[in-house]
Structure formats: structure tokens, C-alpha cells
Amino acid sequence: MFLPALIRSIMQHTESAAAGALILMVAMTGPVAGAESIEYSLMIAEQEVNYSGRPARAVTINGGLPGPVLRFREGDWARIHVHNRLSVPTSIHWHGILVPPGMDGVPYISFPPIAPATTFTYEFPIRQAGTYWYHSHSGLQEQRGLYGAIVIEPRHGHGRVHADREYAVVLSDWTDEDPHAVQRELKRGSEWYAIEKGSAHSLLGAARLGMLGDYFAGMLMRMPPMDISDVAYDRFLANGRTETMIDAKPGETARVRIIDGSATTYFHLEYAGGPMTVVSADGQDVEPVELKRILIGVAETYDLLVRVPAAGAYELRATAHDGSSFASIWIGSGERHHAPTMPRPNIYRAMGHLGLAQIFSLTPAGAMGMPDRAVEAGKFDRPGMTMHMHHEEATPMHGRQGMGREAGKEPAAHGEVDDHSHRGPDPTMQMGAHEPPSADRAGRIDESLRNGRRFGMRFGILANDASSSDSLAEEGGEARPWAPYEKLRSVHSTAFSGGNPVREIRLTLDGDMERYVWFLNNRPLSETDHILIRQGEIVRFIMINRTMMHHPMHLHGHFFRVLNGQGDRAPLKHTVDVAPMSTTVIEFEADEFGDWFFHCHLLYHMHSGMARLVHYEGYVPDAANAAVRHKLYEEPWYFHGLAEVLSNVTEGAVMISDTRNIFRVGWEAGWQRVEETEWETIFTWSRYINSFFSVFAGADFEGTEGTMEKVRGIFGLSYRLPLDVECRAWMDTDAGGRVALDKNLELLPRLRLIGHVEYDTRHYWEGRIGLSYMIDKNVSFIVQWHSDYDWGGGLSIRF
Ligand SMILES: [Cu+2]
């Protein structure tokens, strides 16, 4: 037993690029009879790196980014010492590994986080085989590089498939920006990242594609613009580099264990040497299936067999889902064969159905065609269903009858559902006549793509517009496929033995791009307690995505079946993509007594509320953990503001907000064409109801020069009207009132028309109209006409 273990220990040392201070010891005996104890030491520290030509701060493990590959064999006993050399608490979570609840590494759920200058030793039996990974579950450390691969060999032999070579590759996204600055930028509703990536919507962009119909339909329904990803990255990495090499000879087959360790990036994978054979998903073996392109979601893993067809190096390219850039894995050596360039997404395609009910709906969910009452009635419960289907009223419910009756069975009517079970938008709903252009432009590599932020500093009039790109394709179509779940078939039956009670939990995935708040069932983590389940039950989560984004949902401590039309052979996963405006159903047997996290694995979504504690009835966390549990529900406040300083007026606001509350101080002062400067300051406290609707109360101060003339209490509401017109109306304590309308229209990605009109029972009409041009993230140039103060020009500054 000692010799193979020693060989593995040497392999570990030579393979890890990040060996650094890695200490690996192998003991002859472990706490479990017959098991080997495999020991690792992981040193977590801050370090300077340089990926883009500018120095930036990373968090590394044993001096590497990613950290070392941790290798085990099924049946081993793992002992992992994590030393925290940071100035803040840290943690490591073993993603996809079945561990006792106290070893799962989620602060406040599993344990109190690892304090600075201390060491925590994780210990658990290895009960499984396959490809997994580990990452920090503290703050935003994952975005800074705190992740690595885990590879577990099966107990007996080398598993079901043969490969000449085997490699683990961690894909990730890198930004030079401090992740907290990224989070803040998202919270203030900035469109800057979309502009940087060339995915900002504009009137002219839509017109160029002949898609003004879709553009205005979306605006009428108040649908947020389709946004493939939230953040603009500087680089995409494969094992910590934009290019990584893998050794293989012509004719050989390599097993590449792909792990998406990104904070927010899905990747399309494509291989220059032919189709890839998927043999395992999330560490669990599936029947081999050949695919040309695969969309891998954040936190998922796929084992791919790729063959080196002839002499040369063949590119396995991972293109960021938003099309902004890619990372390359070169397999073999010699002359380079490039993988084709992925067509960029067509972001103007309206996904909704334009009807009167959508246009005049009172809630965002209603505008999306997925109102609460339809969700409660089970209308969206079928796996693979997209929102378009409920317009085909012919088959509203047949999936449901089969569910909740027999554990482990697919919905009884699945055969009927199959026709509709594609996960993309219904082709009949696609209004434009644009065929996806051919993606086969092999052999040509666009080196400018290497930089993730392709357009950041270019000022060409259409440079920041996706529609100026020549190759656009439909999301979910052949050229830009969604996750391949329908094709995944487990190698063994995953059906439950039967007889267990079934608990069905319906979860809507909701969010608001503008305020950057993300919810399950319209509530953030901070407003909830837990999802209660009971030992021995079959728990079924019906996840209904009412947003325009993909959400990779991850359940800790369990594997779940993804109901994908494969019956008893439904694949087992730990993370599942829930595509925009569609339903995904998963189920698992509750046999891992404990407290577990369930959350969206997009880092900034998780930190903005899209998470829940899953609690087994009767489980009691240990005292140290129970004492800090309340911190799980704590919410930060974000501060931001905007000041417009023009030659004739100044206007602006500063605000501090959490998920539901916004405290705001706004001002306006004008001095042109009037004898004395007129000013007004308004303090409000707003309560956020949903992305359409909020209510507020506060005080309004008015004066001229240094004299305050009036103070009134105000209360009112703001509401978003169709066509994305913001309406704000209030009553005051002097029996007066005001109604104001605001509308912004993006003519070009950086250039917008700004309009404001208001009616006041005392001052009567006031209006402004102008143009604003975004110079960079924080500054815009403005020219504006004001009904009281005439023409003016100046700057708008965001902070
Ligand atoms: Cu999400």
C-alpha cells in the first residue's frame, strides 16, 4: 500500500505548478480501517501578480493561482491543514465533496471562519471518485484566485474509460480591479462593464441589426436588456494562464478534467481536433457523448476525452459566454491548430411574448409572463420548460400530475413534454429573420480578443456596440448552445428506492439588474430563516428563473438528480444551470443530516441575496458555530452618489442602501436667468418593493440663496411605466403634490438622450432635455436645456 501512495505523492509534487510550501505526507494507517491518510498543507496569502501589464493583488494558495491539485483515492482519509496568512478571515469549501457538515467550509453554516494567523484542519473520509474543486467561501476571495482542483481516483482500477494522459484544468476569470470595487460598481447600477465588453444596448445598435421591433418590445414590457454576464474581465485563465499547454502525442487521447472555477463566467468549450467526448459531469460518470460545443456553467466540471488527430498542437478553447475573450488549452506540440471563433451573442433578441398583460403588468414577474399566481398554480413546474410555453395553452399542466407522486420517476407525461423540452427560446417566438452566421472561421485567431475588455478605451462611434460585430448568433441555438443536460445519461440508475415521502419546494429565481439585488422567492437570504427538510425525504426543488440571466445553482453536501428526460438514468450533479426564463427541476434523497448552503454560484449574486440555508429538522450545530450563525444573515450597506455640475444648474444625490432600503439626499440649484439662486434639497427613505415599485417618505426643503423658505413632509411612490419611463409622485404636508417622469434612451452605447418633466401644484411645469456622453466609468459630459435656467453644459460625476 505504501509504494503506490508514494508514487502519487511524487506525482503531486511534480504536477503542481504551485508546489511552493506544499507539504505532503502519507501515513500507513488512517482513522478508517484500511484507509490511507492523505495530508495536505495549504498556505493562504496575499501576493502581487501581473496578468495585464499592471500589478494587482491576488490571494494565492502555496504561492500559486490556482492552488495545487489535491489528489486522493476513493476510500482515503483526507487531512488538510489550512493556514491563514491573510489579514482577514478565510475558509475553504470542498466543492462537490460529500463531507460531514462541520467540514464543509462555509462560514457561519459549517464553522466560524478561519481567523488570521490561525490554522484549521479539515478531516473527512473520501467517499467518491471524480473531478471536483475547492475554493474560498469567504467574502470575494474566490475572485482573487483562491481556488484549485481536486482529483479522486476510483477505489478499484482506473475507472470505465481509457485515456493515455490525464490533466486537470481550472478555468477562471481575472480582473485587476478590487472585487469589492466591482461589487460596488454593480450595486450602483452602472452600465460601464457592458460598454467595456461591447454588450451595451443602443437604439442605433438595434437599428443596424433591423431589430428595433425587439428593442421596443423589450422596453414596452420593461424587460431588462439581455445581459450575458455582469462583469468586464481583464483576462480569462486556464490553470492561471491565458494559454496553457498539455503534453500528448499524435493519436493519443487525453482526459481533460475541466473545472469552471470562475467567479461569474460561463465558458463555451470547443476543440480544434474534433468533437469532445463527455465521460463525466460534476465528477459523476455519464454514458460517453460526443459534443462539438459545450457550455460549462460556473462551478461545474466536465471530464472530456480529446484525441490528438495528427502532428501539431490543437486548441481546446474556452470562450467566455459573453464573447469578450477566451483562454486556450493547447494539446500536443508543434504547428498550432486554432479552434473556431465563437459567434458573439445577439443581445437584442427579445425573449418575451409581447401582450397587453405583459405591457400593463404591475410586477416585473408579470411583465415577464411569469406572475406569482401562475407560479403558485404550478404552471411552470415542468423541467426544461421556458416561459414561451405557457402561451401554448394546449398543454399547461401535464407535467405536474406525475410529479410528487412516485419518488424517482420523471413526470409521467414526459413523453408529451419532450417536444418542448429544448431549453432555448421557442424558435417560433423569434421575430427577426437573422440566421446565425456560420461560426466556422477556423484557423484565424483574433489576438485582440486576448484582452477581455476589448473596447474599454476606444472612442469609435460604434466601437462599443455588439451589433457592430460581424458574427452574432442566437443564445441556446446550435452555434451558442446551452448546457448539454438533455444529452447526459448516468451510467447507472439514479432512481430512488421508493416509498419515501416527497417534499416539493418551488423556488423562483428573481432579481433586479439596476439595484443589483438577487432573490429566491423574491426574498434575499437576510430576510429568511431556512428551507426545512427532513431526513429520509425525497426533496424536489422546482427552480423557475424569472430573470434574463443564467444562474448556476449549487447545493452543498449532496448530489441531486437533474430531471432531464433520461428517466432512471437522470445524471447526478452538484451544480445546475438554470437558463434564463426557464424551469429546472432537481431532486435528492435527504440523507446527509446537517445544515447546508444552497445558492447561486455567481459570486456577486450569492452576496446579493440569492442563497438559502437548507436545514435538516432536528440538526443542532455545535456551540461555536451556533454563536456566529446570525452573521450569515447580515447585510452590508452600499454608498454611492451622482453630481451634475453644469454652467446653469447643479443637481445630484448621495445615497446609502441595502437590499430593501435607500436613504437619499438629493439636491437641485439653478442660477441662470433668475435673480437669485433657487435651490431645493430632498431627504427620502425609500422602501424597495420590486424593480418596478418603491414607496418613500421624507422632507423637502426649498429656498433662495441663503434663505430657507419652506419645509414640507412628503410621502409618495415611484413606479416604472411601460417603455421604461420612471414615474415619481408625491403628496406633501401642505396639501400640495408633484409628479415627475424620467426617461433615458441610449442612442449609442455611450450616448444617451435624457429627458425629465415634472408637474408641481405650486411651480407648475418644469422640464429638462439633453444629451449625455459617457467618457469613462465615473464621468459623463452633459449638454442640457432646462425650462427655468435655459441651456447649460458640464459634467456628471459618479462616485
Ligand atoms: Cu445568479
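Miscellaneous remarks
- Hey, Ile150 open to solvent by less than 10 Å² (accessible area, probe 1.4 Å) and under 27 Å from Tyr108 (Cα atoms) or not: yes
- As a summary of the residue check, Arg629 satisfies the conditions (1) more than 15 Å from the ligand (Cβ to nearest atom); (2) modelled with pLDDT under 95 except for the one numbered (2).
- Failed item, numbered, when Arg144 is tested on (1) of a type in the set (Lys, Arg); (2) surrounded by 23 or more Cβ atoms within 10 Å (Cβ to Cβ); (3) more than 22 Å from the chain's Cα centre (by Cα): (3)
- The set of residues in the range 602-622 that are open to solvent by less than 10 Å² (accessible area, probe 1.4 Å) and away from the ligand (no atom under 16 Å from the Cβ) comprises Leu613, Val614, Tyr616.
- If you check Leu520, Leu509, Leu525 for being over 17 Å from Gly378 (Cβ atoms), within 12 Å of the ligand (Cβ to nearest atom) and surrounded by 21 or more Cβ atoms within 10 Å (Cβ to Cβ), only one passes: Leu520.
- Condition check for His640: at negative phi, more than 16 Å from the ligand (Cβ to nearest atom) and either within 27 Å of the chain's Cα centre (by Cα) or in contact (Cβ under 8 Å) with a residue 24 or more places away in the chain (or both): yes
- Selection of the range 528-539 for residues being at pLDDT 95 or above and either within 14 Å of the ligand (Cβ to nearest atom) or not polar (S, T, N, Q) (or both) yields His530, Ile531, Leu532, Ile533, Arg534, Gly536, Glu537, Ile538, Val539.
- Qualifying residue in the range 653-664 (condition: within 16 Å of the ligand (Cβ to nearest atom) and either in contact with a strand residue (DSSP E or B) (Cβ under 9 Å, 6 or more places away or on another chain) or within 19 Å of Tyr688 (Cα to Cα) (or both)): yes
- The listed residue being at pLDDT below 85, open to solvent by 20 Å² or more (accessible area, probe 1.4 Å) and of a type in the set (D, E, K, R), out of Glu504, Glu447: Glu447
- Any hit, the range 500-514, residues being in a loop (DSSP other than H, G, I, E, B) and either under 19 Å from Met226 (Cα atoms) or among the β-branched types (Val, Ile, Thr) (or both): yes
- Qualifying residue in the range 54-64 (condition: open to solvent by 20 Å² or more (accessible area, probe 1.4 Å) and under 24 Å from Asn625 (Cβ atoms)): no
- Taking the criterion of being over 20 Å from Ser136 (Cβ atoms), touching a helix residue (DSSP H, G or I) at 6+ places or on another chain (Cβ under 7 Å) and not in a strand (DSSP E or B), the only residue of the range 33-73 that qualifies is Glu36.
- The criterion of being away from the ligand (no atom under 16 Å from the Cβ), in contact (Cβ under 8 Å) with a residue 12 or more places away in the chain, among the β-branched types (Val, Ile, Thr) and not in a helix (DSSP H, G or I) holds for Ile542.
- Remark: pairs (first residue in the range 287-300, open to solvent by 10 Å² or more (accessible area, probe 1.4 Å); second residue among the acidic types (Asp, Glu); Cβ separation under 6 Å; 6+ apart in sequence or on different chains) = Arg293/Glu270.
- Unique match (being under 21 Å from Ser493 (Cβ atoms) and among the acidic types (Asp, Glu)) among Glu617, Glu587: Glu587
- Arg373 being of a type in the set (D, E, K, R) and crowded, with 23+ Cβ neighbours inside 10 Å: no
- Put simply, of Gly213, Gly205 the only residue that is open to solvent by 20 Å² or more (accessible area, probe 1.4 Å), assigned to a helix (DSSP H, G or I) and touching a residue at least 12 places away in the same chain (Cβ under 8 Å) is Gly213.
- Residue check, Gly794 small (Gly, Ala, Ser) and over 27 Å from Ile656 (Cβ atoms): no
- Hey, Val182 of a type in the set (Val, Ile, Thr) and either within 28 Å of Pro89 (Cα to Cα) or buried (at least 18 other Cβ atoms within 10 Å of the Cβ) (or both) or not: yes
- Subset of the range 567-601 (residues that are in contact with a Ser or Thr (Cβ under 7 Å, 6 or more places away or on another chain), more than 16 Å from the ligand (Cβ to nearest atom) and not hydrophobic (A, V, I, L, M, F, W, C)): Asp568, Arg569, Pro571
- For the range 228-342, the strands (runs of 3 or more DSSP E) that sit wholly inside it and include 3 or more residues that are under 19 Å from the mean Cα position of the chain (by Cα) and at pLDDT 95 or above are 235-238, 253-260, 267-271, 293-296, 312-320.
- Tyr688 being part of a strand (DSSP E or B), surrounded by 15 or more Cβ atoms within 10 Å (Cβ to Cβ) and in contact (Cβ under 8 Å) with a residue 40 or more places away in the chain: yes
- Of the strands (runs of 3 or more DSSP E) that lie entirely inside the range 693-799, those containing 3 or more residues that are open to solvent by less than 30 Å² (accessible area, probe 1.4 Å) and touching a residue at least 60 places away in the same chain (Cβ under 8 Å) span 779-786, 790-798.
- Residue in the range 207-214 that is at positive phi and out of contact with any Phe, Trp or Tyr (no Cβ under 7 Å at 6 or more places or on another chain) present: yes
- When the residues of the range 540-570 are filtered to those that are of a type in the set (Lys, Arg) and more than 21 Å from the chain's Cα centre (by Cα), the one that is most open to solvent (accessible area, probe 1.4 Å) is Arg569.
The values are calculated or read from the model by the stated rules, or taken from the named source; none is laboratory data. Predicted model, so just to flag it, every value in this text is computed and none were measured. We place every Cβ from the backbone using ideal geometry, glycine too, and count neighbours over all the protein chains shown. Accessible surface is based on the protein model in full, side chains and every heavy atom, while ligands, DNA and RNA are left aside. Shrake-Rupley method; radii C 1.70, N 1.55, O 1.52, S 1.80 Å.
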